[in-house]
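What follows draws every value from the coordinates through simple rules; no lab data is involved. In this text, all values refer to a predicted model and were calculated from it rather than measured experimentally. Here the Cβ positions follow ideal geometry from the backbone for every residue, glycine too, while neighbour counts run over all protein chains shown.
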């Protein structure tokens, strides 16, 4: 069975009562063809959240269509102790049908079902206004902070209005980050080079055993190749990099296949980040995935209170992977660390972001 499109895992839809007449809701129900139920205003679909972690797998089969009554657009919750890229988050929903052993959302959220905000006109209007208020500022925007950007797109088709909206702006780019291969809705859009399609990548054994219901490496890379043929810029994220038996050969295999499939000059940026997690995630991960061994390693508490590999160990991982990437990447591709210190940058790459104007400026220069 292929998991190129993990939305096939969903078997039931719930709709908040006030959202029944929204065009987005009606379209999703028609596309899905699944049983659906109405939820009272500001209610919840069922009681699965009362045993959140235990019911998380069951919740991933349920899609809740509701209204976002808060803000859609806000800065990424980075950590000031480490170099942050000044990313802006566009919140389209929460949770994901893909089930990664290391996923932070297991410990960050408290509801198990998939949520998608169907008041998409409000989302687009807020985005429009936010960019208009700061015409001189350049925004890098992503929808993959609390969900996968494309895993539900067969049902939601949200990428179409988003890509076309960003295509009309001069002060923003949109990054759609995924572990799926759901790209059909991207074809034929007037993106004007303003949308970057991004994939999380890992060692093949980690992708197979720790990223359940995700597209294979070959499926992700073939989707990337097709997006490049449609004129999109690409990005790849090796995050989290995980120590495991044979990691050197595993990451080399992934990197070799990446550059054998995708044109190097189509890649805008590649990020690196070693495994890190808040303390509560370890207990959740071990409980849900008792065969996984990634949490049984030596860790130290970082400045952000997250567990991280010891610094010399992180440096050893990074040096190998960075060297593999540098041998094949285009000179125009920005390779960078996600949430690491200047000392790590200097030790691995030979410079700190401040030497080049700062990490946000390094990324902006690639796409402006």
Is it the case that segment 6-22 has a residue that's within 25 Å of the chain's Cα centre (by Cα), in a loop (DSSP other than H, G, I, E, B) and under 27 Å from residue 285 (Cα atoms)? yes
Here is a list of conditions, (1) in a helix (DSSP H, G or I); (2) within 23 Å of residue 235 (Cα to Cα); (3) in contact (Cβ under 8 Å) with a residue 60 or more places away in the chain; (4) touching a helix residue (DSSP H, G or I) at 6+ places or on another chain (Cβ under 9 Å), and residue 269 meets all of them except one; can you say which number that is? (1)
Out of (1) more than 26 Å from residue 312 (Cα to Cα); (2) touching a strand residue (DSSP E or B) at 6+ places or on another chain (Cβ under 7 Å), the one residue 368 does not meet is (2)
Being surrounded by fewer than 15 Cβ atoms within 10 Å (Cβ to Cβ) and touching a strand residue (DSSP E or B) at 6+ places or on another chain (Cβ under 9 Å) is the requirement here; does residue 193 meet it? yes
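Matching residues to (1) touching a residue at least 60 places away in the same chain (Cβ under 8 Å); (2) touching a helix residue (DSSP H, G or I) at 6+ places or on another chain (Cβ under 8 Å); (3) farther than 19 Å from residue 93 by Cα:
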residue	(1), (2), (3)
138	yes, yes, yes
145	yes, no, no
152	yes, yes, no
156	yes, yes, no
159	no, yes, no
167	no, no, yes
175	yes, no, no
180	yes, yes, no
In contact (Cβ under 8 Å) with a residue 24 or more places away in the chain and not in a helix (DSSP H, G or I), is that true of residue 122? no
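Right, residue 129: in a helix (DSSP H, G or I) and out of contact with any helix residue (DSSP H, G or I) (no Cβ under 8 Å at 6 or more places or on another chain) or not?
Numbers: in a helix (DSSP H, G or I): yes; out of contact with any helix residue (DSSP H, G or I) (no Cβ under 8 Å at 6 or more places or on another chain): yes.
When the stated conditions are applied, residue 129 passes them.
Residues checked against (1) surrounded by fewer than 22 Cβ atoms within 10 Å (Cβ to Cβ); (2) assigned to a helix (DSSP H, G or I):
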| residue | (1), (2) |
| --- | --- |
| 170 | yes, no |
| 197 | no, no |
| 206 | no, yes |
| 219 | yes, yes |
| 239 | yes, no |
| 252 | yes, yes |
| 257 | yes, yes |
| 273 | yes, no |
